[in-house]
Amino acid sequence: MELEKIPTVPTAEELLDRSFRRAAARMREKRGSTQRGGSRKGSSRKGSSHANEEFIRAVGASLHDRLVRIISSFPEFDALPPFYRNLAEALCGIEKIRMSLGALGWAAKHSRRLGSQLGREARKAGDSPAIRKRAVARLASMIHQVDGDLRFLNVVRNQLRELPELSDEFTVVVAGYPNVGKSSFIRLVSTAEPEVASYPFTTRGIFIGHRAIGRDRVQFVDTPGLLDRDPEERNPIERQALSALMHAAHVVLFILDPSEECGYPLESQRRLLAAVQGMVGVPVIVAVNKADRRREEGFLNMSSTTGEGVDAVLEAVLRTRAARPTAR
Ligand SMILES: Nc1nc2c(ncn2[C@@H]2O[C@H](COP(=O)(O)OP(=O)(O)OP(=O)(O)O)[C@@H](O)[C@H]2O)c(=O)[nH]1
Ligand SMILES: [Mg+2]
């Protein structure tokens, strides 16, 4: 996927360093070829001031090109599938990313313009290392203004790279309160190996696993636990779960823990269930987990520890495949 291919975003210092080296290499190449040609006219003084101008322009041009390349390595967020767009929004904030890319655009434009302007001034001022030094310092200080943006975009790049790869297969999103046994269930029935622990918010991202069903494959999505609260109050970890529920699921398996060993009352879990049922446009299958601790009449009871009842839950979930909607 294109998100995996975004290259590392350099810091201001690295960007400057590369651009200076590139410009210096270009000057060396040029000098080499004019020396070989041997018949360049003009005084050495003039030649050197041209060299200053060329170097400064080359630095400006190289900075411009590098910045433009960084900008275009990021995806067009509006064109991303909603699942990924929402994950990017939950994790990094798309508006913040846009602002930083905009800042790089500004820096790109100005580095070329400033390179030309400073180059012209250097030529007029004649051969002066001080002029060259001052020009370089001005370009550097402009690039340092976007150092924060470069660093932020590198964090974004690292997060986008790690997003899970969602396929087109039939997709079961497992959701519920924290610590109810979502990851334990996913480990039991699919290839995914999310961490399981006896405290809430163990799962902090989206994990995907598969299971062969006859000749087909079904995709299971593990999500971070959700609390029953207003959407505005949700943290970035919870918002990833919502993105999967809203944009990846063909069916939702909602897990309840009536033993309340998860640390949350069943009543709150039921309120969340009602909210999820009202929110997603796909079937919601409800299963009670930790049946080895406590069963609940009128529900599919299972235990992800003993394996009891798991097959019946899988069957109920997979029965909804018949009525699979075509679009997410
Ligand atoms: N007794 C019992 N314990 C279980 C069962 N399923 C899971 N657990 C335990 O419940 C705890 C939480 O399990 P997880 O699978 O990490 O729960 P989760 O819903 O993924 O939790 P978060 O990722 O924090 O939202 C762990 O200590 C599990 O061993 C079960 O069927 N019976
Ligand atoms: Mg988990």
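No value in this document is a laboratory result; all are computed from the given coordinates. As the structure is a computational prediction, the values presented were derived from the model and not from experiment. Every residue, glycine among them, receives a Cβ derived from its backbone with ideal geometry; neighbour counts consider all protein chains shown.
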So, with points 7 Å from each Cα along the Cβ direction, the ARG28-ARG295 label distance in nm works out to 7.9
Dipole check, the stretch 2-161, charges on Cβ (K,R +1; D,E -1), about Cα centroid: among GLY102, THR8, ALA135 the Cα furthest to the positive pole belongs to ALA135
Fewest to most neighbouring Cβ within 10 Å: what's the order for TYR199, TYR264? TYR199, TYR264
Across 10 Å bins from the origin, how do the percents of Cα pairs in the stretch 2-161 run, short distances first? 11, 34, 26, 16, 9, 3, 0
Apply the Karplus parameterisation 6.51 cos²θ - 1.76 cosθ + 1.60, with θ equal to phi minus 60°, to every residue of the stretch 25-33 and state each ³J(HN,Hα) to the nearest whole Hz, in sequence, with x for glycine and proline. 5, 5, 5, 4, 4, 4, 4, x, 6
Whole-Hz couplings from phi, Karplus 6.51/-1.76/1.60, listed for the stretch 265-270; x for Gly and Pro: x, 4, 4, 5, 5, 5
For GLU308, the residues 5 or more places away or on another chain with a placed amide H closer than 5 Å to its own amide H are SER303
Kirkwood hydrodynamic radius over Cα pairs of the stretch 204-328, then Stokes diffusion coefficient at 25 °C and 0.890 mPa s, in µm²/s: 159
Cβ-derived FRET efficiency at R0 30 Å, THR202 paired with THR11, nearest 0.05: 0.35
Each label point is 7 Å from the Cα along the Cα-to-Cβ direction; what then is the distance between the points at ALA79 and GLU233, in nm? 4.0
Roughly how tilted is helix 129-144, in degrees to the nearest 10 and between 0 and 90, from the longest Cα axis of the chain? 20
Long pairs among LYS109/LYS133; LYS96/LYS182; LYS5/LYS30, criterion Cα-Cα beyond 26 Å: LYS96/LYS182; LYS5/LYS30
Please find, in a Gaussian network model of the chain (springs between Cα atoms separated by less than 10 Å), the residue of ILE143, ILE131, ILE56 whose mean-square fluctuation is greatest. ILE131
Gap in Å between the Cα centre of the stretch 66-141 and the Cα centre of the stretch 279-296? 51
In order over the stretch 91-106: 3J(HN,Hα) from phi, Karplus 6.51/-1.76/1.60, θ = phi - 60°, whole Hz, x for each Gly or Pro, gives 7, 10, x, 5, 5, 5, 4, 4, 5, 5, 5, x, 5, 5, x, 4
Pull up all non-local amide H partners of HIS210: gap of 5 or more, or a different chain, and H-to-H distance under 5 Å with H placed in the peptide plane. THR191, ALA192, PHE220
Based on a Kirkwood Rh over C-alpha pairs, give the Stokes-Einstein translational diffusion coefficient of the chain at 20 °C and viscosity 1.002 mPa s in µm²/s. 91
Could you please rank ARG151, ARG112, placing first whichever residue has the fewest other Cβ atoms within 10 Å of its Cβ? ARG151, ARG112
Under 19 Å from the Cα of LYS124 - aspartates and glutamates, other chains or at least 8 residues apart: GLU53, GLU54
